[in-house]
Amino acid sequence: MNICAGFRKRYKMKKLTSIIVVAALFASALCACSLGKGSSDPDEKSLSFEAMDTFISAKLYGAEQETADKIESEIKRLDSELSVVNAEGENNYVYRLNRDSSAKVSDDVAELARQSLELCESTNGALDVTVYPFIEEWGFVSKDYKIPSKSRLAQLLPLVDYRNAVQSGSKLSFKKDGMKLDFGAVAKGYAADMVRGILKDKASSAIVNLGGTVLAYGKKPDGSQWRVGVADPDNSASYMGTLSCADKIIATSGSYERCFTGDDGKTYSHIIDPKTGIPVDNGILSVTVISNSGARSDALSTALFVMGKDGAEKYYRENKNFDFIILTADKKAYVTAGVYDDFKLADGYDYEIFKVE
Ligand code: ADP
Ligand code: MG
């Protein structure tokens, strides 16, 4: 069993790549700034640390150091509350829920669960926060990748159904023993929402990158829009296009992020169809979702991936509370009307662009 081409390097690089992509744009943003304001900005606070299995970085404008410190401590707190693997600490609510099939959780975990379960319902289970038994079975947790047998997948299937995860206020419980919950597809987006709450009235603008989920808070200090890179699926250290935006949260799910090539020669990605237990293979390379809710952007980047291009377009027309950029293996980019004019291909990229209305 091989790790897919470039994966070993890419996996180690994963956390870095998103940073590099956004850092490149930070640089251009700062360049633009420096033309009018001088080269260093005393009003800028930088932040970078590791949490949520990724690198997190931010640039805050018009903010006190206290606000930067609070962002770091609150994200670290949320990280330990949501951890599925770490048994230590009194506040490891999700770990405890998975161990005991029932747990009283913090306000944040309860709110994340409420929003996540709503998104599971609204996407008709394309997003399913109880998909974890499959994630484990394919080796995406241990990194000991394997293709499970059909009978093993059939055995696990009854454990995967968000409708059997019950919430009553701050209490979460499972209807079946052996179920496991994991907010991996939504947590970074929820954290971005939390950061936005901390920044409110405490910063004039900010750009925050949570391992590829980006919060563009307000506008750039010079009053222009932020530019956020959309990673090139063939080389995620580069970006294939840029999106101009303000006051949005942008999340990307890519099949190139965590994948392996099985003994059968096929490449398997970390995004799993909860109805089959099998990694999605539908010609989509990445889904970027833009909205004013981080939880929604993050959840939908995963869910639309599972739905496929046609399903994603249908869901968009029925909901219209987000925009997307879908990149496919045949070099097509499907871009919804709300961001169509804000999206620009980078030099040297020749995607055929389709407007989705
Ligand atoms: P990333 O975490 O790489 O930014 P995503 O936001 O797409 O990417 O989240 C993918 C993670 O979500 C997977 O690693 C897995 O833990 C989990 N996951 C995979 N498929 C699903 C699904 N259909 N519904 C909910 N969670 C999923
Ligand atoms: Mg996601």
Potential lengthening between residue 49 and residue 225 on full extension [0.36 nm per residue; Cα-Cα distance subtracted]: 60.8 nm
Need the full-extension length gain, residue 275 to residue 102, defined as separation in residues times 0.36 nm minus the C-alpha distance. One decimal, nm. 59.9 nm
Which order do the peptides 59-67, 146-154 come out in when sorted by mean C-beta neighbours inside 10 angstrom, highest first? 59-67, 146-154
Need one number: the % of Cα-Cα pairs in the range 207-357 sitting beyond the 21 Å mark. 42 percent
Charge dipole (the range 60-142, unit charges on Cβ, about Cα centre) - positive-most of 75, 106, 139: 139
Hey, if you put +1 on the Cβ of every Lys and Arg and -1 on every Asp and Glu Cβ in the chain, which of 217, 302, 56 ends up farthest toward the positive end of that dipole? 302
Entries of 219/344; 175/309; 275/355; 175/320 with Cα pairs more than 23 Å apart: 175/309; 275/355; 175/320
Over all distinct alpha-carbon pairs, what is the Kirkwood Rh of the chain in angstrom? 20.8 Å
Going highest first, how would you order 302-311, 99-108, 334-343, 347-356 by mean Cβ packing within 10 Å? 302-311, 334-343, 99-108, 347-356
Charge tally for neighbours of residue 159 with beta carbon under 14 Å away, counting Lys, Arg as +1 and Asp, Glu as -1, is 0
According to a simple spin-label model (label point 7 Å from Cα along Cα-to-Cβ), what is the distance in nm between residue 247 and residue 166? 4.1 nm
Under unit Cβ charges (Lys, Arg +1; Asp, Glu -1), what dipole magnitude, rounded to 20 debye, does the range 57-177 have relative to its Cα centre? 640 debye
How big is the dipole moment of the chain about its Cα centre under a simple scheme where the beta carbon of each Lys and Arg is +1, that of each Asp and Glu is -1, and everything else is neutral? Debye, nearest 20, please. 400 debye
Nearest-20 debye value, the range 134-268 charge dipole, Cβ charges on Lys, Arg, Asp, Glu: 440 debye
Would you mind telling me the antiparallel percentage of the DSSP bridges in the chain, rounded to 5? 90 percent
In Hz, Karplus ³J(HN,Hα) per residue of the range 275-285 (6.51, -1.76, 1.60; θ = phi - 60°; x = Gly, Pro): 7, 10, x, 10, x, 5, 9, 10, x, 7, 9
With -39,500 (n - 2.57) per DSSP H segment of 4 or more residues and division by the full residue count of the chain, the 222 nm estimate, nearest 500 deg cm²/dmol, is -11500 deg cm²/dmol
Output ³J(HN,Hα) for the range 315-330: one whole-Hz value per residue in order, computed from phi by the Karplus curve 6.51 cos²θ - 1.76 cosθ + 1.60 with θ = phi - 60°, and x for Gly and Pro. 4, 4, 5, 7, 10, 6, 9, 6, 10, 9, 10, 10, 10, 10, 5, 8
Ranked from highest to lowest mean number of other Cβ atoms within 10 Å per residue, what is the order of the peptides 312-325, 269-282, 118-131? 118-131, 269-282, 312-325
Could you work out the per residue convex hull volume over the alpha carbons of the range 180-290, in cubic angstrom? 120 Å³
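We did not get these values from a lab; they are worked out from the coordinates using the rules stated. Worth saying up front: this structure is predicted, and the values here are computed from it rather than measured. Every residue, glycine among them, receives a Cβ derived from its backbone with ideal geometry; neighbour counts consider all protein chains shown.
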